[in-house]
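Everything below concerns the one structure shown next.
The values are calculated or read from the model by the stated rules, or taken from the named source; none is laboratory data. All figures in this text were calculated on a predicted structure; none of them were measured in a lab. Every residue, glycine among them, receives a Cβ derived from its backbone with ideal geometry; neighbour counts consider all protein chains shown. Keep in mind that these areas ignore ligands, DNA and RNA; they rest on the heavy atoms of the full protein, side chains included. Shrake-Rupley method; radii C 1.70, N 1.55, O 1.52, S 1.80 Å.
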Amino acid sequence: EDIHSFEFSYMKYFAGLTLTSSVYYRQVNDVVEAVQSVIDNTTTLTQFINLTKNRASGLELIGRADISKAVNITGNVNVFYNKFFGNATYGIESNSGYNWTSNLSSSIKLPYNLSAQINGNYMAPRVSPQGKRNAMWGADAALKLDVLKKKGSISFNIRDMFNSRKWGSFIETQLFSRESQRRMQGRLSTLTFTYRFGKSDLPQRKKRDNGDESNQM
């Protein structure tokens with residue numbers, strides 16, 4: 001692939017609020033995509049090939065709000081127009097459309113050395129070289145307790161809380177159509193204990209190194 005990317009961003013600060021907006025354009029020559037073809041009546045072949053090119057242009061908005069010293073929220077929305085140019089050798093026609101994604105996360109400091117974090121994301125249906133990919137959404141959460149004078153911590157994490165993250169697609173060609181859905185893993189929970197020991201002398205060592213030319217060399 002040969003990628004040409006251009007972006008213009010603007011950031012604005014308010015009291016407890018940061019807003020960032022970006023417009024971008026990206027062209028990928030010889031873009032690599034998975035393409036399916038028919039071998040016989042019962043077998044299809046999936047292979048990665050170089051299409052002609054792909055163009056995407058869009059707008060991304062990012063906002064971070066510090067609700068209080070204990071709570072902050074960050075969200076972003078990305079809207080873009082995506083176009084795949086076909087490949088005559090493999091009988092692939094051009095395909096284009098509007099797509100968007102969003103993400104929302106929050107960090108919360110709680111009493112008794114507790115802290116929590118939650119994250120959710122949504123990916124709208126998007127075009128692909130031979131059809132479209134289905135929408136996908138999910139949410140993760142984590143809870144951490146600092147113990148042993150903050151030398152240790154106990155963390156409880158849940159990935160894909162609602163068991164909703166599924167990759168799906170619909171492919172349609174002149175010879176066949178195919179709908180598929182899969183997932184890498186379902187809901188996953190972990191409980192972790194971490195203990196930090198020893199004392200770092202990095203600031204003192206850095207100060208000594210700055211004053212010793214032999215160490216710098």
Carbon plus sulfur fraction of accessible area for the chain, probe 1.4 Å, in percent: 56
Selected from LEU45, LEU145, LEU114 as most flexible by GNM, with the chain as the system and alpha-carbon contacts under 10 Å: LEU45
Estimated [θ] at 222 nm from DSSP helical runs (n ≥ 4, -39500 (n - 2.57)) normalised by residues in the chain, nearest 500: -1500 deg cm²/dmol
For percent of Cα pairs over 24 Å apart, calculated from these coordinates, the label among (1) 46; (2) 64; (3) 50: (2)
Full-stretch length increase - PHE193, HIS4 - with 0.36 nm per residue and alpha-carbon distance subtracted: 63.6 nm
Probe 1.4 Å, accessible area per residue of the chain, Å²: 70
Relative contact order, percent, the chain [alpha-carbon distance under 8 Å, six or more residues apart]: 11
Spin-label model distance (nm) - TYR24 vs THR89, 7 Å beyond Cα toward Cβ: 2.9
Heavy-atom SASA rank of VAL79, VAL31, VAL147 (probe 1.4 Å, accessible area, largest first): VAL79, VAL147, VAL31
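Using a Förster distance of 45 Å, how high is the FRET efficiency between ILE39 and VAL77, based on the Cβ-Cβ distance and rounded to 0.05?
Numbers: r = 42 Å, r/R0 = 0.93.
The value I calculate is 0.60.
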Extension gain from ILE67 to ALA135, taking 0.36 nm per residue of separation minus the Cα-Cα distance: 21.4 nm
Cross-link pairs LYS53/LYS166; LYS53/LYS132; LYS109/LYS149; LYS69/LYS199 - those with Cα-Cα distance over 22 Å: LYS53/LYS166; LYS69/LYS199
